[in-house]
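Each reported figure results from applying straightforward, stated rules to the coordinates on display, with no laboratory input. These figures come from a predicted structure and were not determined experimentally. For neighbour counting, all protein chains shown are included, and Cβ atoms are generated from backbone atoms with ideal geometry for every residue, glycine included.
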Amino acid sequence: MPLPTIRIALISDADAIARLTSQLGYELQASAAAERLSRLLARPDHEFFVADVDGHVAGWLHATVLEYVESGPFVVIGGLVVDEDHRRKGVGRLLMEHAEAWARQQGCSIVRLWSSAARTAAHRFYEELGYTNIKTQYSFIKSLDGAGDPQLQMFIPAL
């Protein structure tokens, strides 16, 4: 496999991003991906990388800067997926290296991420990259409009 090129996502990548997102267990329509990407790509505190292999998107990573009063600024990996046909070939590692370089450019020395308890292969991957599991926690969510049950489902992967 040729080495992927890591680049900033384009709105035209929305179909591939939606397809890859389904491999994480989240259903995403290409139109929704395009709409959200158009907002995210315009924000300086967000970066959305894709791994391009011979003109095809083989993975994506979304990073954002957060700042908490108790910790100061840090980068969060909001999502990472590598196409199942390209896993264990260095694509995820390259995406993470680009995210870490972007974090440094933002003045952040910490990168954090969350991974569902069932994603044990992903946990090993992050540990191989030098990440440390710092805690186990519960994840809570609440719909504020009363009609949120279908919306709540988009936060729960179909593993």
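The figures follow:
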{"read-out": "Of the DSSP H helices in the chain, those whose Cα atoms cover at least 30 Å axially and whose Kyte score averages -0.5 or more", "value": "none"}
{"read-out": "Neighbourhood net charge (11 Å Cβ-Cβ; Lys/Arg +1, Asp/Glu -1) for residue 57", "value": "-3"}
{"read-out": "Charge dipole magnitude, Cβ of K and R +1, D and E -1 - the chain, Cα centre, debye nearest 20", "value": "300"}
{"read-out": "Average Cα contact separation per residue, segment 1-98, under 8 Å, 6 or more apart, as relative contact order %", "value": "27"}
{"read-out": "GNM top mover of 67, 27, 97 - the chain, alpha-carbon springs below 10 Å", "value": "67"}
{"read-out": "Label zone at residue 139, where the point sits 7 Å out along the Cα-to-Cβ direction: segment 18-43 residues whose backbone N lies under 14 Å", "value": "24-27"}
{"read-out": "Helix-only mean residue ellipticity at 222 nm for the chain, each DSSP H run of n ≥ 4 adding -39500 (n - 2.57), per residue, nearest 500", "value": "-9000 deg cm²/dmol"}
{"read-out": "Nearest-20 debye value, segment 13-98 charge dipole, Cβ charges on Lys, Arg, Asp, Glu", "value": "100"}
{"read-out": "Antiparallel DSSP beta bridges within segment 5-153, as percent of all bridges there, nearest 5", "value": "90"}
{"read-out": "Dipole axis of the chain (+1 Lys, Arg; -1 Asp, Glu on Cβ), positive-most option in 118, 57, 20", "value": "118"}
{"read-out": "Segment 1-53 shape via C-alpha gyration tensor axes, a/c threshold 1.5", "value": "oblate"}
